[in-house]
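No value in this document is a laboratory result; all are computed from the given coordinates. Owing to the predicted nature of the structure, the values given are computational and were not obtained by experimental measurement. No Cβ is skipped: glycine too gets one built from the backbone with ideal geometry, and neighbour counts run over all protein chains shown.
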């Protein structure tokens, strides 16, 4: 694992992702990152947009370098995060897509499904995603620029 400089990372989950979010928070803190936890804060049923949208907005405003979103499948959280201008959230269930989404798409948010990936795989995906730089290849930047232009 490559050791990145400390980053500011927003974190959000629903009840289905709560336990994995707590693990992720500990891993990130242990690795020296600054974590801002937007909740949820327990296993009682909640609505994922109530936590994903404020976290994604903070990321969009530049209050964090990256965001991590967790629910049972990762789908709901990724949909919410991607509704916020400037957020490029990828739902990943393996380390290859985590690497590629950073190299090719310069994603600033990661969604994980707590019911899809186990703890060990989640950790591998997370740190692969955090440690992989954007390739800065012209073709990839051109594609990202087209997405950003459409958002505007």
Simple SL model, points at 7 angstrom along Cα→Cβ for residue 131 and residue 75; separation in nm is 3.1 nm
How would you rank 127, 150, going from fewest to most other Cβ atoms within 10 Å of each one's own Cβ?
150, 127
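Please quote Rg/Rh for region 8-151 to two decimal places, taking the Kirkwood radius as Rh and restricting both calculations to Cα atoms. List each step's numbers first, then the result.
Details: Rg = 14.0 Å, Rh = 14.8 Å.
In region 8-151, Rg relative to Rh is 0.95.
Per residue of the chain, what 222 nm ellipticity follows from adding -39500 (n - 2.57) for every DSSP H run with n ≥ 4, rounded to the nearest 500? It would help to have the intermediate numbers written out before the result.
Numbers: 6 runs with 71 residues, N = 152.
Computed mean residue ellipticity for the chain: -14500 deg cm²/dmol.
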With the Cα gyration tensor of region 52-122 giving a ≥ b ≥ c as the square roots of its eigenvalues, does the rule (a/c under 1.5 for rounded; else a/b larger than b/c for prolate; else oblate) give rounded, prolate or oblate?
oblate
Who wins for biggest fluctuation among 139, 99, 61 in a Gaussian network model of the chain, springs between alpha carbons below 10 Å?
139
Given Cα pairs under 8 Å that are at least 6 residues apart, what percent is the relative contact order of the chain?
23 percent
To the nearest Å, what is the center-to-center distance of region 47-84 and region 104-146, using C-alpha atoms only?
14 Å
Treating the angle as unsigned and between 0 and 90°, give the value, to the nearest 10°, between the Cα long axis of helix 119-131 and the longest Cα principal axis of the chain.
30 degrees
If each of residue 41 and residue 120 carries a label point 7 Å out from its Cα toward its Cβ, how far apart are those two points in nm?
3.4 nm
Label points 7 Å out from Cα along the Cβ direction at residue 7 and residue 19: separation in nm?
2.6 nm
The helix 18-30 Cα axis meets the longest alpha-carbon principal axis of the chain at an angle in degrees, between 0 and 90 and rounded to 10, of 60 degrees
